[in-house]
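Some notes on the structure that comes next.
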Amino acid sequence: MSDFSRIPSVEQVLLQEGSQNLVTNFGRSLVVDEIRITLESIRQGIVRGEPVPEIAKIVEKTRKSLEDLEKNSLIPVINATGVILHTNLGRAPLSHSVASAVVAGLTSYSTVEMNLVTGTRQNRNTGLEGLIKRLLNVEASLAVNNNAAAVFLSLRTMAYKKKVIIARNQLVEIGGGFRIPDILQQSGARLMEIGTTNQIRLDDYRRAIDEGGSIVLHVHQANFKITGYTSEPELKDIVKLAHSNGLPVIDDLGSGALLDTSIFGLGHEPTVQESLADGVDVICFSCDKLLGGPQAGIIAGKSEYLSKIKKHPLARVLRTDKSLIAGLEVTLLHYLKGKVESDIPIWQMISTPLDEIRRRAEFWKARLGDGAIIDGQSTVGGGSLPDEILPTQLLALAVKKTDALASLLRTETPAIISRIQDGMICFDPRTVLPEQDDVFIEIITRVLSKYREKYEN
Ligand SMILES: *Cc1c(COP(=O)(O)O)cnc(C)c1O
């Protein structure tokens, strides 16, 4: 009998004891598909000279592949890296009140576009706009998919086929392919670069205005610093010059800080309020960076421009998801109520005093019965406040194979993302949510003994 003829049929595999469970969980047609894929790989194995596995093994292999399908979705992570806005880990985690608003928005019908008093249609942005007006004292605003969309839509509406003045030190790349010159080009604007990488003068702006520039774009240098022989005019002077010549100013602030980061021992990140006080006509900022909310971008400023932006056909293309609007509203309410440091997770992390961090590191150490407490540095991340650090305390584990332990920790659910410092695996309590402590300790205890058994015996 050839090995090929010893391969069971799909029906035979389905009749196995373990298969019934699979059919219940995954549905018959998906299980049949997966069995076919497994059988095909066995056929290819035979060609390579491998034996035909037992039928129970075939069921087992099919089960594993099916379970892997479910694993492809988002896996929860315990972020022990100390990077607060970790872009690869989804930037700002949301508070439970914000998350409940998002879930409620998703699981039931809601007044996304209905006014309950009149029973007629109303724009989905209305409630949010009311809160933003109140918070920032602006005439109008619009929330879109993210800040990249906010900048693009503003430029497309206000600068299409026009000459946009931008300083050479602001032609930045944010990461993930978002480059200001490309966005300008895609929006149909014409780029008018002024000054040099390190020196920008008000006269450079003046000359560009004389040469037909018709709008000014100001971009926050979010993720890098140029030091040494540098200078650039203050935003308020740029605005004054632009306005006296009838030009509007768009400000891409990126991080969207509404609180002054310097209160917490960090450098000063320009705030939305400061830009508005400097007189910019339209400001764009992210909602999942220093604002600490869900992914979205806000365009705010003068209604003269916002009314055109809202009517642009691309506004519909770039609009925000209804549930994220709900989450954003609750986030902004935290600001209005003065509950930022207590209720917004990233601000809790930024504002946690060193003493408290040390206490948590000590608590971890006591529960693990292992490790040492060492000094370390947390960072804000998310392309904001480069070079700025928050002193922290780390729980450090001295192991021989740091990469092996780090990798074992990443395969858990939730995955634990550690960092390596001074040749040790380190965990920063600042970015580990307090409610994750129990599962964090449980996983580390288990993984550490697995690691020691495998690598240090
Ligand atoms: C982060 C950033 C963006 C892009 O914002 P997203 O919310 O990631 O789309 C644009 N401009 C600046 C200056 C930024 O820092």
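Among residues belonging to the stretch 353-373 that are open to solvent by 30 Å² or more (accessible area, probe 1.4 Å) and under 30 Å from Ala257 (Cβ atoms), point out the one that is farthest from the ligand (Cβ to nearest atom). The qualifying residue farthest from the ligand (Cβ to nearest atom) is Arg359.
The set of residues in the stretch 292-327 being open to solvent by 20 Å² or more (accessible area, probe 1.4 Å), in contact with an Asp or Glu (Cβ under 7 Å, 6 or more places away or on another chain) and either within 12 Å of the ligand (Cβ to nearest atom) or part of a helix (DSSP H, G or I) (or both) consists of Gln295, Ser303, Tyr305. Residue selection: Ile226 satisfies the criterion of being within 16 Å of the ligand (Cβ to nearest atom) and surrounded by fewer than 23 Cβ atoms within 10 Å (Cβ to Cβ).
Considering (1) within 16 Å of the ligand (Cβ to nearest atom); (2) free of Cβ contacts under 8 Å to residues at least 60 places away in the same chain; (3) open to solvent by 10 Å² or more (accessible area, probe 1.4 Å); (4) within 23 Å of Lys240 (Cα to Cα), the lone condition that Val219 does not fulfil carries the number (3). Residues in the stretch 247-256 that are of a type in the set (A, V, I, L, M) and either surrounded by fewer than 24 Cβ atoms within 10 Å (Cβ to Cβ) or more than 11 Å from the ligand (Cβ to nearest atom) (or both): Leu247, Val249, Ile250. Scanning the stretch 153-197 for residues that are in a strand (DSSP E or B), within 13 Å of the ligand (Cβ to nearest atom) and buried (at least 19 other Cβ atoms within 10 Å of the Cβ) yields Ile166, Ile174.
Residues that are crowded, with 20+ Cβ neighbours inside 10 Å and away from the ligand (no atom under 16 Å from the Cβ) within the stretch 137-152 comprise Val138, Ala140, listed in sequence order. Using the structure shown, decide if Ser65 is in the same structural domain as Gly292 (by TED's automatic domain parsing) and touching a residue at least 12 places away in the same chain (Cβ under 8 Å). The answer is no for Ser65.
The values are calculated or read from the model by the stated rules, or taken from the named source; none is laboratory data. None of these values were measured; they are calculated from a predicted model. Don't worry about glycine lacking a Cβ; one is built from the backbone with ideal geometry, like all the others, and counts go over all protein chains shown. SASA here: full protein model, heavy atoms, side chains in, ligands and nucleic acids out. Shrake-Rupley method; radii C 1.70, N 1.55, O 1.52, S 1.80 Å.
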